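Scroll down for the structure; my scribbles are underneath it.
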2 protein chains.
Amino acid sequence: MTDHQPGPTSPKAQLIAGEVRRRIVEREWQQGERIPDEADLAVTFGAARATVNKALQLLADEGLLDRRRRAGTRVAVNPVRKAVFTIPIIREQVESAGMEYSHRVIAQRRSPVPEAIATRIGLPAGRILIHLRAVHYGNDRAFQFEDRWINPDSAPGLDTVDFRHQNANEWLVRNAPYLRADIAFSAENADRRDARLLRVPKGQALLILHRSTWNDAGPITTVRIACHPGYVMSTAG
Amino acid sequence: MTDHQPGPTSPKAQLIAGEVRRRIVEREWQQGERIPDEADLAVTFGAARATVNKALQLLADEGLLDRRRRAGTRVAVNPVRKAVFTIPIIREQVESAGMEYSHRVIAQRRSPVPEAIATRIGLPAGRILIHLRAVHYGNDRAFQFEDRWINPDSAPGLDTVDFRHQNANEWLVRNAPYLRADIAFSAENADRRDARLLRVPKGQALLILHRSTWNDAGPITTVRIACHPGYVMSTAG
C-alpha cells in the first residue's frame with residue numbers, strides 16, 4: 001500500500017495524457033469540443049478516476065485542455081503555452097557541466113538599499129540590508145556575476161554567516177524558504193563592472209536574471225545575476 | 001454535481017497548500033522531515049484526501065516537497081526552483097499592454113533549410129521549408145522580429161495560407177497543435193538586420209527566444225524571436 005495516489009508523472013497517467021494528446025493533435029477531438037467525462041474516460045482507459053484526473057490536469061497545465069468546474073473539459077481553442085524552467089543552484093549547474101566550481105565574494109557589507117531596489121521588493125529606500133557581490137566560476141572562467149541584497153529581518157541567523165565560506169544562494173535555499181518568488185529575464189549590454197568581473201568586452205549582450213523572494217516576514221532577497229555570454233536558459237534543462 | 005474533482009487551484013486545495021507552506025517556511029516541519037500521511041492531513045484539514053493530494057502536489061511542483069511512492073512525502077532538503085512562464089500570443093500581449101497591434105511580413109518563401117537550423121529540429125539540411133520573416137508592432141513601434149521556418153509536412157493546409165493576412169503564430173497555434181516544445185532564452189547583440197528591423201543601434205543587447213515544436217509527423221516550426229530592448233520575460237505575466 002502506498003500513502004499517496006500516483007503523482008501526475010505516474011506511468012499510467014502519463015500514458016493516458018499521451019493518448020489524449022494524440023487525439024487532440026490528430027484532431028479526433030477538435031478545438032473547443034467537450035471531451036468525455038472523467039468517469040467515462042476511466043472506463044475507456046481501465047484506470048482509476050483519480051489517474052484520469054491527473055492526466056487531464058497535466059494537459060490543462062500545458063494549455064491543451066480547458067477545465068471548468070461545471071462546464072466540463074474542452075479542448076483549448078487558444079492554447080496558452082507554458083514553459084517551465086528549473087532555476088538550478090549555480091554550483092550544481094557548473095558541476096553538472098563537468099567543471100570545477102568556485103566562487104569569490106567581491107564585497108559583503110551592510111548598506112542602505114537604493115530606491116530602485118527598495119521599490120522592487122517593497123521596502124523603504126535607505127533600509128539597512130546586506131549587500132553582497134560575488135562571482136561564480138567554472139574551471140576558473142567567470143560563469144555568473146551576482147549582485148544581491150538580503151533582508152536580515154526575513155533571514156534569521158544571517159548575521160553569523162560569512163559568505164566567503166558559504167555560497168549565499170545555497171545558504172538561503174536551505175535556511176530561508178520562500179513563499180513567493182518573482183523571476184524575470186532580460187538582456188543588457190555589459191556595463192563597465194559586468195565587463196570587468198565576467199572578463200568580457202563592455203557592451204557584450206548578457207542574459208540578466210532578476211529574482212526576488214518573500215516569506216511572511218517580508219522580502220528575503222533580491223538578486224541580479226549577469227550570465228556569461230552564450231548562456232542559454234532552456235526548458236530542456 | 002461536477003464531472004471533475006477540484007483542480008489544483010480549487011480554493012480548498014489552495015488553502016491547504018498555504019497552510020503546509022507556512023509550516024515549512026516557519027520550520028515547524030523541518031527540511032528532510034517526513035510530513036503526516038495524506039489520510040491524516042485529510043482529517044486535520046477536514047478535506048477529501050484527493051484535495052490534500054492536490055495541495056501537496058502543488059507544493060511538490062514548486063519544489064518545496066519531495067514525494068516518493070513508498071517513502072511518503074518529505075520537506076525538500078534542496079528545493080528545486082521551478083519558474084513557469086506563459087508564452088503569450090504576440091498580438092494579445094501587445095493589445096493587453098494597451099497598444100494597437102500590427103505586423104508586416106518581410107518575406108515568405110520556400111527555401112532550403114540551412115544546416116544549423118536543420119540540426120536544431122532534426123531534419124536533413126537542404127529540405128525545402130517555408131521561410132517566413134515578420135515584424136510585430138505595437139502602436140507602430142517594433143515589438144519583436146521573428147525569423148521562422150515551417151515544415152509543410154507537419155502543418156497540413158499550410159500551402160493555402162498567406163501570412164500577410166494571418167499571423168503565423170496564431171495560425172499555427174490553432175491549426176498545428178504540438179506534442180513537444182523546446183524553448184530557450186539567450187541574449188545577443190543586435191546584428192545589422194535585427195538593428196534595421198527593430199530600429200535599434202547595432203550591438204544593442206536583445207533578449208532572444210528560440211522555440212521549436214514537434215508533432216507526431218515531425219518538426220512543425222522553429223523560430224528565433226528578437227525582442228525589443230527593455231523587453232522583460234517574467235513569471236508575474
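In the stretch B:21-66, of all residues being over 32 Å from the mean Cα position of the chain (by Cα) and not in a loop (DSSP other than H, G, I, E, B), the one that is nearest to residue A:172 (Cα to Cα) corresponds to B:34.
Count of the stretch B:122-149 residues, restricted to those that are touching a residue at least 12 places away in the same chain (Cβ under 8 Å), out of contact with any Phe, Trp or Tyr (no Cβ under 7 Å at 6 or more places or on another chain) and of a type outside the set (A, V, I, L, M, F, W, C), is 11.
Take the residues of the stretch A:183-208 that are in contact (Cβ under 8 Å) with a residue 60 or more places away in the chain and within 24 Å of the chain's Cα centre (by Cα): which is farthest from residue A:142 (Cα to Cα)? Steps first, answer last, please.
If we filter the stretch A:183-208 for residues that are in contact (Cβ under 8 Å) with a residue 60 or more places away in the chain, which is where we start, we get A:183, A:197-198.
Narrowing the set further to residues that are within 24 Å of the chain's Cα centre (by Cα) leaves A:183, A:198.
Details: A:183: 22, A:198: 5 Å.
Among those that are in contact (Cβ under 8 Å) with a residue 60 or more places away in the chain and within 24 Å of the chain's Cα centre (by Cα), it is A:183.
Looking only at the stretch B:89-119, residues that are surrounded by 15 or more Cβ atoms within 10 Å (Cβ to Cβ), modelled with pLDDT under 95 and part of a loop (DSSP other than H, G, I, E, B) come to 2 in all.
Checking the structure you have, find out if any residue of the stretch B:25-35 is at pLDDT 80 or above, crowded, with 18+ Cβ neighbours inside 10 Å and outside the structural domain of residue B:126 (by TED's automatic domain parsing). Give the steps one after another, and end with the answer.
Within the stretch B:25-35, the subset at pLDDT 80 or above is B:28-30, B:32-35.
After this cut, where a residue has to be crowded, with 18+ Cβ neighbours inside 10 Å as well, the list is B:29, B:35.
The next check asks that each one be outside the structural domain of residue B:126 (by TED's automatic domain parsing); those that pass are B:29, B:35.
Yes, the stretch B:25-35 contains a residue that is at pLDDT 80 or above, crowded, with 18+ Cβ neighbours inside 10 Å and outside the structural domain of residue B:126 (by TED's automatic domain parsing).
Residues in the stretch B:150-177 that are within 23 Å of residue A:62 (Cα to Cα) and in contact (Cβ under 8 Å) with a residue 60 or more places away in the chain: B:150, B:151, B:154, B:155, B:167, B:169, B:170, B:173.
Residue-level check: of (1) surrounded by fewer than 16 Cβ atoms within 10 Å (Cβ to Cβ); (2) at pLDDT below 85; (3) more than 13 Å from chain B (Cβ to nearest Cβ); (4) in contact with a helix residue (DSSP H, G or I) (Cβ under 7 Å, 6 or more places away or on another chain), residue A:166 misses just (4).
Taking the criterion of being within 23 Å of residue B:158 (Cα to Cα), without any contact (Cβ under 8 Å) to a residue 12 or more places away in the chain and over 22 Å from the mean Cα position of the chain (by Cα), the only residue of the stretch B:76-114 that qualifies is B:114. For residue B:151, the conditions (1) within 10 Å of another protein chain (Cβ to nearest Cβ); (2) more than 29 Å from residue A:180 (Cα to Cα); (3) under 22 Å from the mean Cα position of the chain (by Cα) all hold with the exception of (1).
The values are calculated or read from the model by the stated rules, or taken from the named source; none is laboratory data. Keep in mind it's a predicted model, so treat the numbers as computed, not measured. All Cβ positions, glycine included, derive from the backbone under ideal geometry; neighbour counts span all protein chains shown.
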